[in-house]
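Below: the structure, in structure tokens.
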Amino acid sequence: YRFYDKRTETHLSDLIYCITKTYWKNKMDIKPSDQDIRYWIIGLGLEEVLLRSIDIPQPESTQVDNIWVTPDYTMLLDDALAELKSTRIYPDKLGNPKEWPETWLEQMMGYVYVHRLLKNKPLDYRLAVFYVGKAELQGRRFIFTEDEVKTLWRKMLARKAILDNAYAASLPPEPFKYAREWECRHCVLRVICDVTKSTGVYLRE
């Protein structure tokens, strides 16, 4: 199994997270860090046990504006879209919506935008969270506004345009500009971005 697959299509996750890393993932073979592998194993194991073993329906991949999305599953009772996440954040830290990871919220809003546009789905999204430390599973329901999901989608389109221009020019997007600080902290590409930044050989907007 290749941890970082090269692919011709652009997925929402390619744009939510660092687009400079997305560029490099599709230009070279990257060996994941041990920490990346451990996170992936946890996520895959949870999906196999909690979703696939009881045949919970998984929506087909679909796209809008050449950005592909694939929600984890749909609810058995009302066909609502839903996502499964694992985290080491304790439940009491996630009571305030501002404490939720920004990437999770952006992913859900992106899925809502696409499925509302194509299938007239509502503005809500379900999230199941498995807390690894406490071995506890909790559910949440998020209700977004039309403005929130449209604003998020405009942001994704802007990031996609930068990434497409980078591919066309065979130059990476500017290192560190399109990533959150925590993404760079243990990134396997940190050295490559440091060198690229110092040489100035990268795409400028």
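The values are calculated or read from the model by the stated rules, or taken from the named source; none is laboratory data. Keep in mind the model is a prediction, meaning the values are calculated, not measured. With ideal geometry, Cβ positions are generated from the backbone for all residues, glycine too; neighbour counts draw on all protein chains shown. Accessible surface is based on the protein model in full, side chains and every heavy atom, while ligands, DNA and RNA are left aside. Shrake-Rupley method; radii C 1.70, N 1.55, O 1.52, S 1.80 Å.
Of the accessible area of the chain, with the probe set at 1.4 angstrom, what percent is carbon plus sulfur?
So the carbon and sulfur contribution to the accessible surface is 54 percent.
Sticking with the crude label model, points 7 Å out along Cα→Cβ, report the distance from residue 29 to residue 199 in nm, one decimal please.
2.1 nm
Please give the length that would be gained between residue 169 and residue 56 if that part of the chain were fully extended, namely 0.36 nm times their separation in residues minus their C-alpha to C-alpha distance (nm, one decimal). Intermediate values should be presented prior to the final figure.
Working: separation 113, 0.36 × 113 = 40.68 nm, distance 4.25 nm.
This chain segment gains 36.4 nm when fully extended.
Looking at the P(r) of the chain, how many percent of alpha-carbon pairs lie beyond 31 Å? Please list the in-between numbers first.
On the way: 4488 of 20910 pairs.
Roughly 21 percent, once rounded to a whole number.
Would you kindly find the accessible area of residue 109, with a 1.4 Å probe and non-protein molecules such as ligands, DNA and RNA excluded, rounding to the nearest 10 Å²?
The value for residue 109 is about 30 Å².
Can you tell me the length gained on complete extension of the stretch residue 148 to residue 190, counting 0.36 nm per residue apart and subtracting the Cα distance?
11.9 nm
Residue 180: net charge of surrounding residues, Cβ under 14 Å, Lys/Arg +1, Asp/Glu -1, itself excluded? Show your work: numbers first, answer last.
Values: positive: 21, 155, 159, 177, 185, 190; negative: 102, 106, 181, 183.
Its environment carries a net charge of +2.
Roughly what % antiparallel, to the nearest 5, for the DSSP beta bridges in the chain?
If I count the DSSP bridges inside the chain, around 60 percent turn out antiparallel.
Under the 0.36 nm per residue contour assumption, what length would be gained going from the current alpha-carbon distance of residue 134 and residue 180 to full extension?
Here the answer is 13.8 nm.
Excluding ligands, DNA and RNA, what is the solvent-accessible area per residue of region 138-205 at a probe of 1.4 Å, expressed in Å²?
Counting only protein heavy atoms, the per-residue value for region 138-205 is 60 Å².
Mean Kyte-Doolittle hydropathy of -0.5 or higher plus an axial Cα length of 20 Å or more: which whole DSSP H helices in the chain meet both?
Working: long enough: 102-119 (25 Å, -0.17); 146-169 (35 Å, -0.42).
Within the chain the helices that satisfy the rule are 102-119, 146-169.
Within region 168-192, what residues put their amide N at less than 20 Å from the label point 7 Å along the Cα-to-Cβ vector of residue 44?
Under 20 Å, as judged by backbone N against the label point of residue 44, lie 188 of region 168-192.
With a 1.4 Å probe and all protein chains kept in place, how much accessible area does residue 194 have, in Å² rounded to the nearest 10?
So the heavy atoms of residue 194 present about 70 Å² to solvent.
Along Cα→Cβ, 7 Å out, is where each label goes; now give me the distance between the ones at residue 9 and residue 66 in nm to one decimal.
1.4 nm
Please list 144, 176 from largest to smallest accessible area, probe radius 1.4 Å, with all protein chains kept in place.
Result, largest first: 176, 144.
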